[in-house]
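J.: Starting off with a structure, shown below.
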Amino acid sequence: MTLDWLDAFLIAGLFEVAMIIGLALLLHLQLGLTRIANFGIVGFWGLGMYAFGVLYVRVDWPFGDPWQFLVCVTLATAITGLAGLVIGWLISDLDIDGVLVETLGFATIVLILATTEKDLTGGALGMGGLRFPFNIGTVKQNEFLWLLIVAIVVVAIFLYVRQVHRSPYGRLLIATGGNEALARSLGKSTYRTKLLLFAFTSALMGLLGALFGVMVRFLDINNLGVDLTLAVMVGLVLGGTARVWGAVIGVLLTVGLFDIIIQSYLPLPREWYTQAIPVLREAIFGATLILVLLFRPLGILGDMRRDKLMEKLHGK
Amino acid sequence: MANDVTVAAEVSRPQIHVRGAVKSFAGRVVVDVDELVLGERPIEGLIGPTGAGKTTLMRMVMHSIPLDLGTVSLRPPSGVEIVLSSQPTHRMAHYGVVKSNQVIMDFDKLTIWDSLLLSVTEASYEKPHRVFAERSVFREHVEQMRHYLDFFGFGDPTAFALSAGEKKLLDIIRCLLLRPSFLLLDEPTAGLPDDLTEKVMLVVRELAATGTSVIVVEHDLNVIWNLCEMVHFMAEGSVILRGDPESIRENRTVVEKYLGEGHV
């Protein structure tokens, strides 16, 4: 398999789209169903990535890949889950503004720690030494296989989230997000529900971060800016926060359209790529967010359709 | 029906004891109840002028607002006393203490089926790893849910509750599906047409006959006189009188403070 038809840029673009769809699906559970406005996505993702990198590179494991990879990725996911538990506990009683500020603060802490803990993370110079847990030939072939593996992970997240809508658990999340006091009076521990949800969705964000670390094989603190959070948020809000497909469609229309179609196939001047395009991307995403919130606050797909779903599941 | 209730009064039922319960908002004492036992009779009423503190007292019993002072405890017919006022709110339903809401409360995004299913589903099914549990939960409870939907004349349970009346009824059905042993109804018939008020009263009587203690807070006094065997009269934050409906409705203080001349 020579993969001549596929350029490296496209593999990287598709990887980014798949990963952001995964993050948007997790944000859909947090924000769309449970109304937890997590603006620190990049913090959890980045923590997963750096925890994985530090464990993989700095620790002298007595076994090699794939065990080294599996152990490190599991630990990184667990560490991010623990961070999610702590942040979830801190934000459990706050209103939406408080949650926003605190999660943003968490993402900033992750960025600062990654910058200052040079011995562990390499700081601003970045950190190399990561590699694929397999080797099937050329770099491109390895990257392509990794893209497929991550795509499978994202499809699994999609199928899970879709099933959550069809389960008592999903109903509990929607009730908790919709009217916490009423849910509590019906015997639901909304506090535990939110905490558990936040912890395990954060853990999965960390997992996606670790998988990204393997793809790029070089950890760079420039990845820890607000861009990623913005991309996930804009994608989900455009598609519709309350809908499973909202995450997919929204991200395809924003990150997919911009990073793959515009960047790869539009004849743009070369010198734009380093300076102008990233700025342009932020500007367009920001403008999209404003326009969607002004004219279609529920996104392209609109609100969730529980009436249709209930009819399908249980009949009239 | 009335006979059932009289017989059922012999059954021992759960009681709620309120001791020295004080609640003030911004320095103003809203509730100050020294000693109150609820649930000595199957169905008891709580009446009083607006602002007397009835709803606040009910919320204190449910621990949905914290007490400044005092305790509220549940005394089940058998077993040890449980101090409700030191328990988290969501535990009340586990102890069988359930309250319907005075103001309309609903889940905007949930359909009628959803609302009822939410109420009947046990916590063990509501876990992130049990995403395939929907059908078995539905099968287990469909009969019970259908019973109430048919009784109150709900058409399509896949729809959303739209009118205030529908939401009010849905709130009551959610409470009934929790199989309460101690049910507090805060103005259950406000905004309901007469035929539905009758139905609510019928359900409440049936429930009381099977051993549930019911407390009704109401401004529609016909409901109180028809339904209750004992009435508590509340004014200015305290329960100042209690007795059977006849004695309460003829009491001078009640007439002066609440009913007005000519009511009797």
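Every number here is computed from the coordinates shown, using simple stated rules; none is lab data. Predicted model, so just to flag it, every value in this text is computed and none were measured. Note: ideal-geometry Cβ built from the backbone for every residue, glycine included; neighbour counts use all protein chains shown.
J.: Show me the ranking of peptides B:161-171, A:45-55 by mean Cβ neighbours inside 10 Å, starting with the highest.
T.: Values: B:161-171: 19.2, A:45-55: 27.5.
Result, highest mean Cβ count within 10 Å first: A:45-55, B:161-171.
J.: Something else: Label-point separation (nm) for A:Asp303 and A:Ala283, each offset 7 Å from Cα along Cα-to-Cβ?
T.: Each label point lies 7 Å from its Cα, and together they span 3.7 nm.
J.: Please list the non-local residues whose amide H lies under 5 Å from the amide H of B:Leu184, H modeled 1.01 Å from N, same-chain partners needing a gap of 5 or more.
T.: HN-HN under 5 Å from B:Leu184: B:Val98, B:Lys99, B:Ser100, B:Ile215.
J.: Counting other C-beta atoms within 10 Å, which of A:Arg166, B:Arg13, A:Arg270, A:Arg58 has the fewest, and how do the rest follow?
T.: Going from least to most buried by this count: A:Arg270, A:Arg58, A:Arg166, B:Arg13.
J.: Pull out the extension gain between B:His141 and B:Ala164, defined as 0.36 nm times the separation in residues minus the alpha carbon to alpha carbon distance; nm, one decimal.
T.: Additional length available on full extension: 5.7 nm.
J.: To the nearest 0.05, how large is the calculated FRET efficiency for A:Ile112 and A:Trp61 if R₀ is 30 Å and r is the Cβ-Cβ distance? Intermediate values should be presented prior to the final figure.
T.: Values: r = 28 Å, r/R0 = 0.94.
Efficiency, from the Cβ-Cβ distance: 0.60.
J.: Once the Cβ-Cβ distance between A:Ala156 and A:Glu271 is put in as r, and R0 is 60 Å, what FRET efficiency do you end up with, to the nearest 0.05?
T.: 0.90
J.: Convert each backbone phi in the range A:307-316 into a coupling constant with the Karplus relation 6.51 cos²θ - 1.76 cosθ + 1.60 (shift: θ = phi - 60°), then list the ³J(HN,Hα) values in order as whole Hz, x for Gly and Pro.
T.: Computed from phi, the couplings for the range A:307-316 are 4, 5, 5, 5, 5, 5, 7, 10, x, 6 Hz.
J.: Where does each of A:Leu94, B:Leu57, B:Leu196 land when they are ranked from fewest to most other beta-carbon atoms within 10 angstrom?
T.: A:Leu94, B:Leu196, B:Leu57
J.: Between A:Lys140 and A:Thr74, 0.36 nm times their residue separation minus their Cα-Cα distance comes to what?
T.: Values: separation 66, 0.36 × 66 = 23.76 nm, distance 2.57 nm.
Between A:Lys140 and A:Thr74, full extension yields 21.2 nm more.
J.: With no solvent and one equal point scatterer placed on each C-alpha of the range A:1-147, evaluate the Debye formula and give log10 I(q)/I(0) for q = 0.18, 0.21 Å⁻¹, two decimals.
T.: For the range A:1-147 at q = 0.18, 0.21 Å⁻¹, log10 I(q)/I(0) is -1.19, -1.35.
J.: Over the protein assembly as shown, what is the percentage of antiparallel beta bridges among all DSSP beta bridges, to the nearest 5?
T.: Close to 60 percent.
J.: Now a separate question. How large is ³J(HN,Hα), in whole Hz, for each residue of the range A:117-123 in order, when computed from phi with the Karplus curve 6.51 cos²θ - 1.76 cosθ + 1.60 and θ = phi - 60°, using x for Gly and Pro?
T.: Once rounded to whole Hz, the list reads 7, 4, 4, 8, 9, x, x.
J.: Step through the residues of the range A:17-28 one at a time and calculate ³J(HN,Hα) from phi using the Karplus curve (6.51 cos²θ - 1.76 cosθ + 1.60, θ = phi - 60°), rounding each to whole Hz and writing x for Gly and Pro.
T.: 4, 4, 5, 5, 4, x, 5, 5, 5, 5, 5, 4
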